[in-house]
Structure formats: structure tokens, C-alpha cells
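Just below is one structure, and these are the notes that go with it.
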Amino acid sequence: MPVEDDDQVNVLQHDEEEGFILATTDDIPPSDLEGVWILDSACTADVTGNKALFTKLARTQLSALQLADNSTVQSMHMGLLSIQVDADHRLDRPKAKFVPNLKKNLLAFRLLLRDGFQVAKWDLDVAIMILDTFVLKFTHHRGLYVLQPYEEHINSSSGS
């Protein structure tokens with residue numbers, strides 16, 4: 001299980017009933033990922049260990065999630081996760097999972113697509129997703145694409 005001094009992002013795999021996988025990478029200091037959202041192409045759920053980010057949270061059926069080191073964690077909560085992207089835009093994820101002690105925030109690429117976001121640009125430096133006039137900009141950082149809330153050029157007409 002990831003701990004404060006751990007510098008690895010573990011891979012989570014859900015049991016066969018829900019079947020989600022959260023695949024990221026190793027060797028990234030936790031301080032590099034504090035407060036950011038990792039765009040995860042393998043996961044089928046948005047997941048965080050930060051309970052304060054939920055505007056609504058409800059108990060659900062117990063789910064066992066297996067970590068890369070073969071340990072397991074339990075998730076019994078799902079709810080409305082609200083990410084304040086900038087001063088005027090909030091990304092709401094209605095079925096996000098709360099996993100206590102998880103040190104990373106993960107956004108499911110496939111769910112963003114399902115919800116209508118489209119890939120506007122994807123290269124070695126950036127992944128940009130757009131829904132109407134709402135822009136999510138994920139910058140490349142140590143092998144990951146991360147969304148940094150309140151990055152000044154997100155959703156501004158003067159940014160690139």
C-alpha cells in the first residue's frame with residue numbers, strides 16, 4: 001500500500017465483478033504528484049484517497065482492490081467527486097471511488113470519453129481533452145499525463 005515516503009504509484013486491480021485496473025508508473029516522488037490528477041488509460045473508475053474532494057459520498061458494497069504488491073485495500077464508498085479545475089470550472093465525477101490511504105488521484109480516460117470529452121491534442125508533451133468549451137489540459141510529467149488544478153492557461157481564451 002502506498003505510504004507517505006513511498007515513491008511508487010501502485011497498480012490497482014479490482015475484483016472480477018467490477019474489473020477495473022489502475023495502471024501508472026514507478027519512481028515518482030509523492031511530492032511531484034501532490035494535488036494533481038493522473039490521466040489513467042487503464043482504469044475504469046475515478047479514484048482518490050482524499051475524502052475532502054467528495055461533495056457526496058455513500059457507502060456501497062464492499063469492494064476489494066488488489067495492489068501491485070499483492071496486498072489488498074477495501075473500498076466501501078462511492079460518490080460525487082468535485083475537482084475545481086480553475087476559478088470558473090469544476091469537473092464533477094459522479095461515481096468516483098474513495099480508497100482510504102491511496103496517495104494518488106486517478107482520472108479514468110475511458111470515463112471522460114464516455115462522458116463526451118474528446119481528445120483535441122495528444123503528443124509527447126500534452127494531452128488536451130475538450131467538452132463543449134470545457135478544456136482539460138494534462139501535461140506530461142515523468143511518464144504520466146497530469147492535470148494540475150488552477151494552472152493558469154486552462155480554460156482561458158488567451159492560453160495555448
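Per-structure values
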{"item": "Candidate set from the stretch 91-140 (those that are surrounded by 13 or more Cβ atoms within 10 Å (Cβ to Cβ) and of a type in the set (Val, Ile, Thr)); member that is farthest from Leu80 (Cα to Cα)", "result": "Val126"}
{"item": "Considering residues of the stretch 108-152 that are aromatic (Phe, Trp, Tyr) and over 20 Å from Ala45 (Cβ atoms) only, the residue nearest to the chain's Cα centre (by Cα)", "result": "Tyr150"}
{"item": "Subset of the stretch 1-60 [assigned to a strand (DSSP E or B), farther than 13 Å from Val146 by Cβ and modelled with pLDDT of 55 or more]", "result": "Val47, Thr48, Phe54, Thr55, Lys56, Leu57, Ala58, Arg59, Thr60"}
{"item": "Filtered residue count, the stretch 84-107, keeping only those that are more than 18 Å from Ala58 (Cα to Cα), within 11 Å of the chain's Cα centre (by Cα) and not in a loop (DSSP other than H, G, I, E, B)", "result": "2"}
{"item": "Scan of the stretch 95-134 for residues that are touching a Ser or Thr at 6+ places or on another chain (Cβ under 9 Å) and among the hydrophobic types (A, V, I, L, M, F, W, C), ordered by number", "result": "Ala96, Phe98, Val99, Leu102, Leu106, Ala108, Phe109, Leu111, Val126, Ala127"}
{"item": "Count of residues meeting criterion [at pLDDT 85 or above, in contact with a Phe, Trp or Tyr (Cβ under 9 Å, 6 or more places away or on another chain), within 11 Å of His89 (Cβ to Cβ) and part of a loop (DSSP other than H, G, I, E, B)] in the stretch 132-160", "result": "1"}
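The values are calculated or read from the model by the stated rules, or taken from the named source; none is laboratory data. Here the structure is a predicted model, which means the values were calculated and not measured. Here the Cβ is made from the backbone with ideal geometry for all residues, glycine too, and neighbour counts use every protein chain on show.
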